[in-house]
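K.L.:
Here you go, one structure.
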Amino acid sequence: MKYGLPKYVLLAIGAILLMIAGASVGTTGTAAAPLMAITNTAEPPTRTPTAGPTNTPRPTNTPGPTPTHAPSSKPDLADPAITKSSSVSDANIGDEITFTIRVTNKGPGTAEDVVVTDPIPDYLDVIEATTTRGNVSSKGRTVIVTIGKVPAGDEVNIHIRVRVNERAAPPGGRNSVSLTTSSPGDDPSNNSSDVTFGIIGPVTPTVPAATPTATPVTPAILPVTGAAEDTGSRTLLFAALGVAALLLSLLFRRKARG
């Protein structure tokens, strides 16, 4: 009995220590469980920069540099137009007429491959053809002006000078001109123009200026005419008859003697 209390005390202390030790082991195992769960599951994304789309800059509404326009395969639209006028409203045969042809471009683009063609009728003879741009040529009685490019708002002037020949006949004549282009958007209604003029008739002859002529000099002595000429002729006739009578007389005397 003397050692009974200490034995129970020691047993109690040992039991308490065992409980404390068990509690420590249980607490450690419980605290370690969440760590194992985190390790075996996918971790949430961290803030560490990676090469993934998280750090890729997102486009903003700030306008970038203005892109340059690549050459378009579609040509610009253009609308060249032509008008024609005459220097006279009426003409005689032999008169000269000057036709003025005006080529413009209403745009908006540059007109390409513009060619003007003017067939001249047979009663008009071409004297001269000029242009402010392009090349002038002819085919038969047709005047051809190859202009080429005509920018929007530009103008080309062509002058054709002709003379009315004897084939022209009243009351009048007509001359037309036209143009062609390879540009799209062209309005064909303004690609031709004509002009009319009256033909009155043959040219009025001009009276040449009078030139001075030499005045013949009147002779001082006029030749004898009329009765005086007759008197001389008679005198010669009588003289001839007298000579003939004398000869006959001599002839008869010579025969009588014989």
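The values are calculated or read from the model by the stated rules, or taken from the named source; none is laboratory data. Source: prediction; values computed, not measured. Ideal geometry is used to build each Cβ from the backbone, glycine not excepted, and the neighbour counts take in all protein chains shown.
K.L.:
Hand me the list of strands (runs of 3 or more DSSP E) wholly inside segment 100-165 holding 3 or more residues that are within 14 Å of Ile82 (Cα to Cα).
P.N.:
Passing ranges, in order: 111-119, 142-150, 155-164.
K.L.:
Within segment 72-82, is even one residue of a type in the set (Asp, Glu), at pLDDT 95 or above and not in a loop (DSSP other than H, G, I, E, B)?
P.N.:
no
K.L.:
Need pairs with beta-carbon distance below 7 Å; first residue among the acidic types (Asp, Glu) and within segment 127-138, second surrounded by 12 or more Cβ atoms within 10 Å (Cβ to Cβ) and in a strand (DSSP E or B); sequence gap 6+ or separate chains.
P.N.:
Glu128/Arg161
K.L.:
Given the conditions (1) touching a Gly at 6+ places or on another chain (Cβ under 7 Å); (2) surrounded by fewer than 16 Cβ atoms within 10 Å (Cβ to Cβ), and given that Val145 satisfies all but one, which numbered condition is not satisfied?
P.N.:
Just one mismatch for Val145, condition (2).
K.L.:
Residues that are out of contact with any strand residue (DSSP E or B) (no Cβ under 7 Å at 6 or more places or on another chain), aliphatic (A, V, I, L, M), under 30 Å from Glu155 (Cβ atoms) and modelled with pLDDT under 95: does segment 37-55 have at least one?
P.N.:
Scanning segment 37-55 turns up no residue that is out of contact with any strand residue (DSSP E or B) (no Cβ under 7 Å at 6 or more places or on another chain), aliphatic (A, V, I, L, M), under 30 Å from Glu155 (Cβ atoms) and modelled with pLDDT under 95.
K.L.:
Report yes if some residue within segment 169-177 is basic (Lys, Arg), under 30 Å from Val116 (Cα atoms), within 28 Å of the chain's Cα centre (by Cα) and modelled with pLDDT of 95 or more; otherwise report no.
P.N.:
Within segment 169-177, not a single residue is basic (Lys, Arg), under 30 Å from Val116 (Cα atoms), within 28 Å of the chain's Cα centre (by Cα) and modelled with pLDDT of 95 or more.
K.L.:
Just a yes or no: is a residue in segment 193-200 modelled with pLDDT of 95 or more, among the polar types (S, T, N, Q), part of a loop (DSSP other than H, G, I, E, B) and surrounded by 10 or more Cβ atoms within 10 Å (Cβ to Cβ)?
P.N.:
no
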